[in-house]
Each structure stands twice: as structure tokens, then as C-alpha cells.
Amino acid sequence: MTQSNSPLLSVKNLSTSFHVGGQKLRAVDEVSFDLAEGEVLGIVGESGSGKSITLRSIMGLARRYGEVTGEVMWQGENLVTKPEAQMRKIRGKDIAMIFQEPMSSLNPLLTVGVQIKENLVTHTDLDKKARVQRAIELLELVGIPDASRRLNDYPHQFSGGMRQRVMIAIALASSPKLLLADEPTTALDVTIQNQILKLILDLSQELGMSVILVTHDLGVAAQTCDRLAVMYGGKLVEKGSTRDVLRNPLHRYTMGLLQSVPENVEPRTPLFSLPGTPPSLMSLPKGCAFAPRCAHAVDACTATKPPLEGTQHQVACFNPTQPPVGAGGQS
Amino acid sequence: MSTISYFFSRLLQIIPTFLIVMVIIFLLVRALPGDPAIAMADAKATTEQLEQIRQRLGLDQPLWIQFGIFVKNVFTGNLGDSILMKAPVTQVILERLPASGFLTLYAVLFSLLIAGPLAFVAALNRNTWLDTTIRSAFQVGLSTPVFYIGLLLLTFLAARMRWFPVGGYGTTFLEHMYHLLLPALTVALYTSAIIMRNLRSSVIEVVDAEYVQFARAKGLPERIILGRHVLRNALISTVTLLGLSIGNLMSGTLVTETVFAVPGVGRLMLDAIFARDYPLIQGLTLTFAVLVSIIFLLTDLIQAWLDPRLRVA
């Protein structure tokens, strides 16, 4: 990975809240991270931990439904406060996104050709003929056989994996610098999962594109990401290189997640599972959101929220598995 | 799978529908009380004269032969003579059909023009005062009887203000537009309320769909997101409803045509029923059945055009 001085994307204290039935739900709580050019960052966590909302907040899609605060710095500009009209020129052009459900994320009434080409109409100066040519190129790039004929097919004529490839082709249409991938393999068979992940990685290297990959699957994250951020109850609880986080987890939650991956334990031993369930956003505890499920919680855990501490490998925990290197500092 | 083979298979399906309709109409007319021969002959007719009429009408034949004659007559356009109008039924109906067709299409056009934009405005401003106002206004339209709205328009805009004629159909296209404006508006107020409600809720359903979010994530202009992605998907269920309500409009115009004295088939049906003009009632029922079938066929075709998943032959 190429680490330059100024990051491609810098997220600072990003928070997103929704008003539901008179109550204010904080789905994303003061999330901060940097992303270097060409880097693949994984955001890992259980369902409802705020991973997808984080991506949608970066894209400016969440603010239609709720309140987004903080900073998303992109090429010297804060995307959080950027007007919708200008945001539209960045969305789908510099920053593209693919969704979790390839079945429901493509418009069933339009041919995939139309759905690729409308992106090109909006973001490029290509003429009609060049757009068709580019659309065929894109379908070939993501590995769809017989691309020129399939351009006139409708989404329901493709399998799930092929639809996910179509979605990636659409996202790549105007050569984005950053791809936000929201659980791109969750709805797919395991064999197809690996193909899609490999495709995303290959494309990211080939095109020099940074990727934020949101997933609940640690295995997926381990094979793909340069760095990992672990999310729980709307907050980042651990952040570091994939190697550090997986080999040497600092947060008790990360530890628990790793222990519940079947490949990590001896055969025929009972599988570990974290006790309890993730907290509801309706009733987040005052202190650490993980404290009620944590066997190592101390008094401080229920009183205040632990800050994210450390330099290279950061953790937000009062009683981590071991103290983070350079505790007290912020990267 | 192609659109053309879908079209033909759908066209073939209409044949059994017509056969069933013809059986029902044939049996209904035979089940009606009274003897058509007596109704047609004058009061002093002898038994031999009545027998002659029955023979001429084929009423002395077995039922299945009578049905054969009926089907043959229908396909050659011979629906008998109207007792009331003293003219062939086919001719009477064809004379009256244009006015009703004009009124129906006019009303549908009005309904779409009123309901379409307002449904969108209401759906995109869901649960605001704008949405509430639009929905309440249509609720009034929906719960007021058609003839009452018609009478109000007639009293104020036609009789008092003299802006519009109180009845008739006119002779040129522009005169038709002018004469039928109030009747069409009357019908449209009701129909648009139904369409508005349906379209509003399907827009609300579609506007948060993942593919609309994805379209937004592509940075498309709002105009394309709403027009290409939201509207088309929301229209699918509304087209079905529109087809059904056009079928309903056929009978709805019966009241409106009477209030506004429009010389259409709706009013003709009413006159035929009062005069017990069996051949005319039979002819009109058949006409309505054919028209409704054609409208449903069109509805299916429009849906298949909108939604590729429905193009299964």
C-alpha cells in the first residue's frame, strides 16, 4: 500500500442520527479514520453496528433521512456540508458505491446497458457510440461473458453473482478513486463470494482505486484488507493493520469475534459465541456499549465511554487484552 | 419471451372470454320473463301470426341451434332491430359510441393530469401539511356522489355563469371538447381520487427502494431518478387500477351522460332498460363486454411494456 502524507479521505467525528418516534437514535457515533490512496480498509462488525450507515453518510445518502455531523474531508472539501447539487458530481464519479443486495439494487425495469450508460451520460463526455463501447468494456472487465449481447438483458436474466458484477461495472463506469463496498458478498454463495472479492481486489490494484469494504465476515476482511476498523454500537472500538488486529486483538469484542470464527478453533470443540446480543440503538448504555456483554468489564466501563487510544494500533477500551502501543496519543 | 409472442398469446386468451360472455348474454335474455313475439306483434295478432314471428326469429328451434344463430349473427354484426329506436341495434350503438368513447378518454386524460403530479407532490412531501391537504381534497372528491358533483358544476358553471353548455355533444372536435368538458371533469374528480391514492402509496414504496438509493449513489440528476427509476416502477400497479377504473367508467358515464344529456351509450342503456328493449340491451351488454376486454388487454400490454418480467408468453 502506498501511504502518502495527506490521506485520500479523512473522516473526523462523523455522527449520524435518525429521529424515530420522537427519539433520537445515534447510528454512527463520532467515527474517525483516514484512508490512503490505493488502500483497502475493512469495517467489521455485527448487523446494526452502523457500518452501512457510515458508508451512506460518506456518500451523502444518509442525510436525506437523518442528521449527519462531523467532517468527511475529500480533496480539501467537507462532503458533509457540501450542497446536494455539487455532491451529485462527486457521487458515482469520484466515489462510487456498491450495495449488499444485488437482487434489489438494480432497477428491474431497465436493461443493464441502460443502467451502465446513464452513469456515463451523467459523468462523462462520451458520445452515444463511445458509451456503448465503454459499457461493453466494463462488462468484460468484471468478467461477464458475451458482454455485447448481455447489454440488452434485464437484471432478472442474470444470476446473483453476475448481478453483483454488473453493479461493480456500474460503479467503475467513470473510474472512481474510491469504491465503497457495502457487504458486497453477503448475499452470494461462498464460491461466488471469493470470485467477487478477488475481482474487487484485482480492480483496486489495477486501477489504483481505494476501497472501503464493509463486512460482518472476518474471514472476508482478513483476505482482502490492508487495515481493519472494528465497529460496535455505532463506534469504532479497534483500528489497526489487518495483521495486528487479527493476530493481536486488543479489544475484548474483537477477541470474541475471532474466537467465534470456526476455522480458528480445534475441530470438535464447542464453538465460542459471544454472550448476549448487540445493543439496541434505542437504549445504548452510558458507558462502553460492549460492557454489558464483556467478562472483563471494570467500574469505569459502565460510567464513561472509553476513547480510542494508541498510534498505529488503536483501541477504545479501559481494560484491553494488553495496553496499546503509545497509549494516550492519537494518530 | 419476446413482446410479440406475448402479444399474440394474450390476444388468443381473449377468445374464450368472448365465448363465455356470449353464452351468459344469450342465456340471460332467454331467461327474461315475457315472450318477445308478443312484444313485437301488435295486440290483435292471431296465434298463427305469433307462430310466424317465432319462426322468423328462430325461437321454435332447439336452444343450441338458437345459440349457433346468435353467434353467427354477432360475428356478422347483426344484433337484431331495436324496438325503441326502430333501427338495427348495430347502427344505433355505432351512432352513440363515439360520444361515450370521447367522454371516457377525456375523463381518463383529466384524471391522469390531475392525479399524476399531485400524487408525486404528496408522496415526496409525505406527512407534511401539503400531503394532508392534497389527500383531504381528494377524500372529498371520493366521497361525493358523481351525479351531485355533476349537478353542482351544471348549476353554477353552465346554468348560472353560462360559461358552458348545459348538454349535448356538438359536431366538430373542438365542440366535443367544449361540450364534454364538464362531464369529463365530473367523472375525472372521482377517478383521479382513486388513482392519486394508489400512485401516492406506490411512489412512497418505490422511492426508498434499494435500486433508487443505488441510482442516487450514481449521482444521477433528480429528474432522472424520479422519472426513470421511481415513476416507471410506481406506475405498474397504477396501470392495473386505471384499466379497472376505465371498465368502471363505462357504467359511471351512465349517470354522467344522463345528467349532462350526452348522447352516448350509457344513456342509451338506461333508455333501453326502461323501454324493455331486449335486443338493444343485449347488443349494448355485448358491446360493453368487448370494450372492457379490449381495455384489459391494453392494460396487460402496457404493463408488459413497462415490466420486462411480465413478458412471459
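Report for the protein assembly as shown the percent antiparallel among DSSP-assigned beta bridges with both residues inside it, nearest 5.
DSSP beta bridges in the protein assembly as shown are roughly 60 percent antiparallel.
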Handout entry: Taking region B:180-268 and dividing mean pair separation by its residue count, relative contact order in percent (alpha carbons under 8 Å, at least six apart)
Key = 35
Completion exercise
Rg (one decimal) and Dmax (whole number) from the Cα set of chain A, in Å, equal 20.5, 67
Practice task
Could you work out the mean count of beta carbons from other protein chains within 10 Å of each residue's beta carbon in B:202-214?
Solution key: 4
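Using the Kirkwood radius over C-alpha pairs as Rh, can you work out the diffusion coefficient of region B:3-82 via Stokes-Einstein at 20 °C, viscosity 1.002 mPa s, in µm² per second?
Using the Kirkwood radius from Cα pairs, D works out to 143 µm²/s.
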Fill in the blank from the handout: Plugging the Cβ-Cβ distance of A:Glu77 and B:Arg10 into 1/(1 + (r/R0)^6) at R0 = 45 Å yields, to the nearest 0.05, a FRET efficiency of 0.25
Problem - Projected label distance in nm at A:Lys24 and A:Asn194, using a 7 Å step from Cα toward the beta-carbon - result: 4.8
Practice task
Name the aspartates and glutamates eligible as straight-distance cross-link partners of B:Lys218: C-alpha to C-alpha under 18 Å, and not fewer than 8 places from it in the same chain.
Solution key: A:Glu84, A:Asp94, A:Glu101, A:Glu118, A:Asp125, A:Asp182, A:Glu183, B:Asp208, B:Glu210
Exercise for the section: With no solvent and one equal point scatterer placed on each C-alpha of the protein assembly as shown, evaluate the Debye formula and give log10 I(q)/I(0) for q = 0.05, 0.07 Å⁻¹, two decimals. Expected result: -0.39, -0.65
Problem - Over chain B: helical MRE at 222 nm, DSSP H runs n ≥ 4 each giving -39500 (n - 2.57), nearest 500 - result: -24000 deg cm²/dmol
Problem - A:Gln312 versus A:Gln205: modelled label distance in nm, points set 7 Å from Cα along the beta carbon direction - result: 2.3
Practice task
With r as the distance between the Cβ atoms of B:Ile65 and B:Lys44 and R0 = 30 Å, compute the FRET efficiency 1/(1 + (r/R0)^6) and round to 0.05.
Solution key: 0.45
Problem - chain A, relative contact order in percent, only Cα pairs under 8 angstrom and at least six apart counted - result: 18
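Note down the relative contact order for chain B as a percent, whole number, built from C-alpha pairs under 8 angstrom at least six residues apart.
28
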Problem - Computed FRET value (nearest 0.05) for B:Leu244 with B:Leu27, which takes r as the C-beta separation and R₀ as 25 Å - result: 0.45
Handout entry: Volume per residue that the Cα convex hull of region A:227-293 spans, once the total is divided by residue count, Å³
Key = 89
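Can you give the extra length, in nm with one decimal, that the chain gains between A:Ser10 and A:Leu271 once fully stretched, where that is 0.36 nm per residue apart less the Cα-Cα distance?
That pair, A:Ser10 and A:Leu271, stretches by 90.2 nm at full extension.
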Handout entry: Virtual paramagnetic centre 7 Å along Cα→Cβ of B:Glu222, amide N under 19 Å, in region A:47-83
Key = A:59-68, A:80-83
Practice task
With label points built 7 Å along Cα→Cβ from the Cα atoms of B:Asn73 and B:Phe156, find their separation and express it in nm.
Solution key: 4.9
Exercise for the section: Report the extension gain between B:Gln52 and B:Ile294 in nm, rounded to one decimal, defined as 0.36 nm multiplied by the number of residues separating them, less their alpha carbon distance. Expected result: 83.2 nm
Completion exercise
Per DSSP, the loop-located chymotrypsin sites (Phe, Trp or Tyr not before Pro) within region A:30-100 having at most 14 other beta carbons within 10 Å are A:Tyr65
Practice task
Place a +1 charge on the Cβ of each Lys and Arg in the protein assembly as shown and a -1 charge on the Cβ of each Asp and Glu, then give the dipole magnitude about the Cα centre in debye, rounded to the nearest 20.
Solution key: 740
Problem - Estimated 222 nm signal from helices in chain A, with DSSP H stretches of n ≥ 4 weighted -39500 (n - 2.57), rounded to 500 - result: -9000 deg cm²/dmol
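Going by how many other beta carbons lie within 10 Å of each one, how would you line up B:His179, A:His251, A:His19, fewest first?
A:His19, B:His179, A:His251
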Handout entry: Dipole moment magnitude, nearest 20 debye, region B:90-310 about Cα centre, only Lys, Arg, Asp, Glu C-beta charged
Key = 440
Practice task
Take each uninterrupted DSSP H stretch in chain B, measure its Cα extent along the helix axis, and return the ones at 24 Å or beyond whose mean Kyte-Doolittle hydropathy is at least 1.6.
Solution key: B:14-31, B:89-124, B:278-306
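Dividing the alpha-carbon radius of gyration of region B:153-304 by 2.2 N^0.38 Å (N being the number of residues), what value is obtained?
1.37
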Exercise for the section: Can you check what the Kirkwood hydrodynamic radius comes to for chain B, Cα pairs only, in Å to one decimal? Expected result: 22.5
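Every number here is computed from the coordinates shown, using simple stated rules; none is lab data. In this text the structure is predicted, and so the values were computed from the model without any measurement. When we count neighbours, we look across all protein chains shown, and the Cβ atoms used for this are built from the backbone with ideal geometry, even at glycine.
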